[in-house]
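Before any comments, here is the structure.
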Amino acid sequence: MTAFNLETASESSPPINPALIAEAAQRLAQGGLVAFPTETVYGLGADASNPQAISKIYALKGRPSHHPLIVHIAPQTELNYWAINVPHYAHTLMKTFWPGPLSLILPRAPRVSDWITGGQNTVGLRCPSHPHAQALLSACAKAGIYGVAAPSANRFGHISPTTAAHVTEEFGPQLLVIDAGPCTIGIESTIVDCSGMEPV
């Protein structure tokens, strides 16, 4: 297991609501969708191991099915559940920048579905630092969900949302949104391809 730096950046966000986190984790466990904040933008999440749930992301966003999704993981997640043959430099990046706004492209483990990868031999992983995101991912891990696929919570081609209100305007009140105020960074995470001999 990779040891992550568990210090999270200080963020001015509302207190975590354990009941809301539990409700969101339950919806994800039942194959539903949930929008949640990260330090970058709000994500539209689904159980990354559930193809039917993943298909709901593509349908709701209007996203082409060959576009891969980034899997968000809790700090305690076993990396080899998702990735294999992880190079040493990728572990160094994780120890330095996770939790945080860094997504790594790694060789995928055999169990990882084409629904996540868009048919590619790699998988994108990120461990966000936002406390609400970490609370949700930890609750999901306890429920047997070891990763949440979460592209930005907007329709394909639209501007990525940085507040809960943006998400509700896009998808309506029927989507459960964990409101933690504005995202601190406001743009998508940096992506580093770690599937080769050196990072790209």
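The values are calculated or read from the model by the stated rules, or taken from the named source; none is laboratory data. Quick caveat, the model's predicted, so the values are computed rather than measured. Using ideal geometry, Cβ is built from the backbone for each residue, glycine included, and neighbour counts are taken over all protein chains shown. All accessible areas refer to the heavy atoms of the entire protein, side chains included, with ligands and DNA or RNA removed. Shrake-Rupley method; radii C 1.70, N 1.55, O 1.52, S 1.80 Å.
Quick notes on this structure:
- Selection status of Ile185, out of contact with any strand residue (DSSP E or B) (no Cβ under 7 Å at 6 or more places or on another chain), without any contact (Cβ under 8 Å) to a residue 40 or more places away in the chain, in a loop (DSSP other than H, G, I, E, B) and among the β-branched types (Val, Ile, Thr): no
- Within segment 42-60, being open to solvent by 10 Å² or more (accessible area, probe 1.4 Å) and either touching a residue at least 40 places away in the same chain (Cβ under 8 Å) or polar (S, T, N, Q) (or both) holds for Asp47, Ser49, Asn50, Pro51, Gln52, Ser55, Leu60.
- Restricted to segment 81-157, the set of helices (runs of 4 or more DSSP H) holding at least 3 residues that are open to solvent by 50 Å² or more (accessible area, probe 1.4 Å) and at pLDDT 95 or above comprises 88-97.
- Here Ser129 fulfils each of the conditions (1) closer than 19 Å to Ser55 by Cα; (2) in contact with an Asp or Glu (Cβ under 8 Å, 6 or more places away or on another chain) apart from (1).
- Matching residues in segment 161-174 - criterion: being crowded, with 18+ Cβ neighbours inside 10 Å and part of a loop (DSSP other than H, G, I, E, B): Pro161, Thr162, Thr163
- Scanning segment 188-200 for residues that are touching a strand residue (DSSP E or B) at 6+ places or on another chain (Cβ under 6 Å) and open to solvent by less than 90 Å² (accessible area, probe 1.4 Å), we see that the one that is farthest from Ser13 (Cα to Cα) is Ser195.
- Boolean, Glu11 is in a loop (DSSP other than H, G, I, E, B), over 19 Å from Ala141 (Cβ atoms), open to solvent by 60 Å² or more (accessible area, probe 1.4 Å) and at pLDDT below 95: no
- Test result for Leu28, modelled with pLDDT of 95 or more, touching a Phe, Trp or Tyr at 6+ places or on another chain (Cβ under 9 Å) and not small (Gly, Ala, Ser): no
- The residue pairs whose first member lies in segment 87-100 and is polar (S, T, N, Q), whose second member is open to solvent by 40 Å² or more (accessible area, probe 1.4 Å) and at pLDDT below 95, and whose beta carbons are closer than 9 Å, counting only pairs six or more residues apart or on different chains, are Thr96/Asn5.
- Any hit, segment 81-103, residues being of a type outside the set (Phe, Trp, Tyr) and in contact with a Gly (Cβ under 7 Å, 6 or more places away or on another chain): yes
- Gly31 meets all of the listed conditions (1) open to solvent by 10 Å² or more (accessible area, probe 1.4 Å); (2) part of a loop (DSSP other than H, G, I, E, B); (3) among the small types (Gly, Ala, Ser) but one, namely (1).
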